[in-house]
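Step one of this worksheet: look at the structure below.
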Amino acid sequence: MSRFFSDKYAALTPYVPGEQPRDMQYLKLNTNESPYPPLPEVVEAAREEAARAHLYSDPTAFALRQALAARYNVSPAEVIAVNGSDEALNFAFMAFCDAAHPAVFPDITYGFYPVFARLNGVPYEEIPLREDFTLDPEEYIRRPGKTVFLANPNAPTGIFLPLAQVERIVRADPDRVVIVDEAYVDFGGESAIKLIPQYPNLLVVRTYSKSRSLAGARLGFAVGQSSLITDLETIRYSTNPYNVNRMTLAMGAASLAHDDINRQRCRTVAEVRDSTAAEMRSLGFDVTDSSANFLFARHPAVDGESFYRKLRQRGILVRHFTLPRIRDYNRITVGTAEQMKTFTAAVREILEEST
Ligand code: PMP
């Protein structure tokens, strides 16, 4: 830290992204990316836009918002485009939280929430999930006035909270905003977007990073009634009006035009997820019931860190967490059927040498 760094940020512990190693070719099952590259039409759309890169991108992202609005049956005024859904989450902490509206979220959830809270000087409360990592809606219902952040399906557990339960939390207090982060919903959950017409206090955050194969393009969006979106636009125009570059805007629209293929790919990932989970359970793993594109698992015979290290030695990267409650677990991104065969073969070897 330099002596110039503001006191405001001196105590900040930044978010630690999953490893992106360059030392060797790994099977990367650690950052929940799609195993499929973007479609050729999507790559071509970026190439064409690159020839116009001397011009700023459309600060209103109008064409993309219009396409998203049509896809999700809302109006363009109910959609904001962002540079990865992380940006929408940060904007939501800026827009909807303060000392009078602290944030609440589960103790086991996306690690960026506490970082965004601290970055923005927002007080926050972490509510423990139940022993089995499911979420008790009553905990949120009995905390009116607090801005709720829920990843649904949750990360890193993959557990989906049924929409009726999400709705109970939203309905319980119309005077606070509930942000539902649906980064993984295309792999099995049900989106809360359909509730938006009834609830002015509901914001749904989505990403292209997982289900639309565009993690590296950095594209996300949020959907909510236009008054909430206007607030986020105020923040966006006060930070970076050209937040989404023109290549990414074009890729986003082209990807939506081929959404049937994205959906098919998500179904394949979900099938591979379920068969891999069944195989792991048969090998003695505890595996949570995941609706996402990853599995969250532990084995009684190998501690989480050793399992992570032994996989790494075999060229396979998964995500290990150090939080005490989940340090025996690893989060394993679901790849192609072939990649998961490589993974389970390595798992069998590790178990043989450990038991
Ligand atoms: N929410 C959750 C729950 C996530 O796991 C991630 C991925 N790290 C994100 C949001 C952010 O995704 P992106 O910024 O790539 O859209």
(request) Give the residue that is nearest to Phe296 (Cα to Cα), with candidates limited to residues of segment 152-191 that are more than 19 Å from the chain's Cα centre (by Cα) and acidic (Asp, Glu). (result) Glu167
(request) Name the single residue, out of those in segment 233-270 being among the hydroxyl-bearing types (Ser, Thr, Tyr), part of a helix (DSSP H, G or I) and open to solvent by 20 Å² or more (accessible area, probe 1.4 Å), that is nearest to Arg71 (Cα to Cα). (result) Thr268
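Yes or no, residue by residue, for (1) under 17 Å from Phe105 (Cβ atoms); (2) free of Cβ contacts under 8 Å to residues at least 12 places away in the same chain; (3) open to solvent by 10 Å² or more (accessible area, probe 1.4 Å):
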site: Ile141; (1), (2), (3): yes, no, yes
site: Thr147; (1), (2), (3): yes, no, no
site: Phe160; (1), (2), (3): yes, no, yes
site: Arg171; (1), (2), (3): no, no, yes
site: Val177; (1), (2), (3): yes, no, yes
site: Gln198; (1), (2), (3): no, yes, yes
site: Leu219; (1), (2), (3): no, no, no
site: Asp231; (1), (2), (3): no, no, yes
(message) I need the full set of residues from segment 171-195 which are assigned to a helix (DSSP H, G or I), under 27 Å from Arg267 (Cβ atoms) and touching a helix residue (DSSP H, G or I) at 6+ places or on another chain (Cβ under 7 Å), in order please.
(response) Asp186, Phe187, Ala192, Ile193, Leu195
(message) The conditions are (1) closer than 17 Å to Ser209 by Cβ; (2) among the charged types (D, E, K, R); (3) not assigned by TED's automatic domain parsing to the domain that holds Arg319, and Glu126 fails exactly one of them. Which is it?
(response) (1)
(message) Just to be sure before I move on: is Arg298 open to solvent by 10 Å² or more (accessible area, probe 1.4 Å), part of a strand (DSSP E or B), of a type outside the set (Ser, Thr, Tyr) and at pLDDT 95 or above in the structure I sent?
(response) yes
(request) Only residues that are open to solvent by 50 Å² or more (accessible area, probe 1.4 Å) and among the hydroxyl-bearing types (Ser, Thr, Tyr): list them for segment 301-335, please. (result) Thr322
(message) Please pick out the residue among Tyr208, Tyr199, Tyr242, Tyr237 that is touching a Ser or Thr at 6+ places or on another chain (Cβ under 7 Å) and more than 16 Å from the ligand (Cβ to nearest atom).
(response) Tyr242
(message) For segment 47-68, check the following and say yes or no: at least one residue is open to solvent by 20 Å² or more (accessible area, probe 1.4 Å), more than 30 Å from Arg325 (Cβ to Cβ) and in contact with a strand residue (DSSP E or B) (Cβ under 6 Å, 6 or more places away or on another chain).
(response) yes
(request) Please identify the pairs in which a residue from segment 331-354 that is closer than 15 Å to Val318 by Cβ has its Cβ atom under 6 Å from the Cβ atom of a residue that is hydroxyl-bearing (Ser, Thr, Tyr), counting only partners at least 6 apart or on another chain. (result) Met340/Thr276
(message) It is to be established whether one or more residues within segment 85-99 are within 25 Å of Asp286 (Cα to Cα), surrounded by 17 or more Cβ atoms within 10 Å (Cβ to Cβ) and either more than 15 Å from the ligand (Cβ to nearest atom) or within 17 Å of the chain's Cα centre (by Cα) (or both).
(response) no
(request) State all residues of segment 271-295 that are of a type outside the set (Gly, Ala, Ser) and in a loop (DSSP other than H, G, I, E, B); if no residue qualifies, say none. (result) Leu283, Phe285, Thr288, Asp289, Asn293
(request) Might you check whether a residue that is open to solvent by 40 Å² or more (accessible area, probe 1.4 Å) and away from the ligand (no atom under 16 Å from the Cβ) occurs anywhere in segment 100-114? (result) yes
(message) Would you confirm, using the coordinates I've provided, whether Val79 is surrounded by 17 or more Cβ atoms within 10 Å (Cβ to Cβ) and either touching a helix residue (DSSP H, G or I) at 6+ places or on another chain (Cβ under 6 Å) or without any contact (Cβ under 8 Å) to a residue 24 or more places away in the chain (or both)?
(response) yes
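The values are calculated or read from the model by the stated rules, or taken from the named source; none is laboratory data. Predicted model only: the values in this text are computed from it and were never measured. Quick reminder, even Gly has a Cβ in these numbers, built from the backbone with ideal geometry, and neighbours come from all protein chains shown. Note: areas computed on protein heavy atoms with side chains; ligands, DNA, RNA excluded. Shrake-Rupley method; radii C 1.70, N 1.55, O 1.52, S 1.80 Å.
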